[in-house]
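Report on the structure given below.
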Amino acid sequence: MLASPLFVSPAAARYMAAPVWLGFIFLLDPINARRGGESLWIDVRAGDDRRLANLALSGLLCGVLWEFWNFW
C-alpha cells in the first residue's frame, strides 16, 4: 500500500493518500504485536474492538471538522 502510488497513473496517484497512510498502520502494527506492545490486531483477535472504534470515530470527527473549517 505504501508503494501503490508508484504503480498507478499520475492522475490516479493524486488520490492515493489514504492507502499510503493505511500502509503505515499495516506495516507497524504487526511489529508492535510481535514485540509485545499494544496492537490493534491483538485487540481485534481478543474481541476487544474499542480501540479500533475509537480511532475510527476520532478520524471521522477530525475529517468532518477539517472539512467544516475549510468550507469557506
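The values are calculated or read from the model by the stated rules, or taken from the named source; none is laboratory data. Note that this is a predicted model, so its numbers are computed, not measured. In this analysis, Cβ positions are derived from the backbone assuming ideal geometry, glycine residues included, and neighbour counts consider all displayed protein chains. Each accessible area value is taken on the protein alone, full model and side chains, heavy atoms only, with ligands, DNA and RNA left out. Shrake-Rupley method; radii C 1.70, N 1.55, O 1.52, S 1.80 Å.
Tabulated data for the structure shown
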read-out: The chain: angle of helix 50-69 to the longest principal axis, Cα-based, in degrees nearest 10; value: 20
read-out: Fully extended contour minus Cα-Cα distance, from residue 3 to residue 53, at 0.36 nm per residue; value: 15.3 nm
read-out: Per DSSP, loop trypsin sites (Lys or Arg not before Pro) in region 16-46 with at most 15 further Cβ within 10 Å; value: 35
read-out: Volume per residue of the C-alpha convex hull in the chain, rounded to whole Å³; value: 103
read-out: Share of carbon and sulfur in the accessible heavy-atom surface of the chain [1.4 Å probe, %]; value: 69
read-out: Protection-proxy order for peptides 10-18, 64-72, 23-31, each taking the mean of Cβ atoms within 10 Å per residue, highest first; value: 23-31, 10-18, 64-72
read-out: Positive-end residue, the chain charge dipole about Cα centroid, Cβ charges, pick of 22, 6, 44; value: 6
read-out: Theoretical ellipticity at 222 nm over the chain - DSSP helices of four or more residues, -39500 (n - 2.57) apiece, nearest 500; value: -20500 deg cm²/dmol
read-out: Label-point separation, residue 45 to residue 28 (7 Å along Cα→Cβ), nm; value: 2.0
read-out: Two-site FRET efficiency, residue 72 against residue 20, from Cβ-Cβ distance with R₀ of 35 Å, rounded to 0.05; value: 0.80
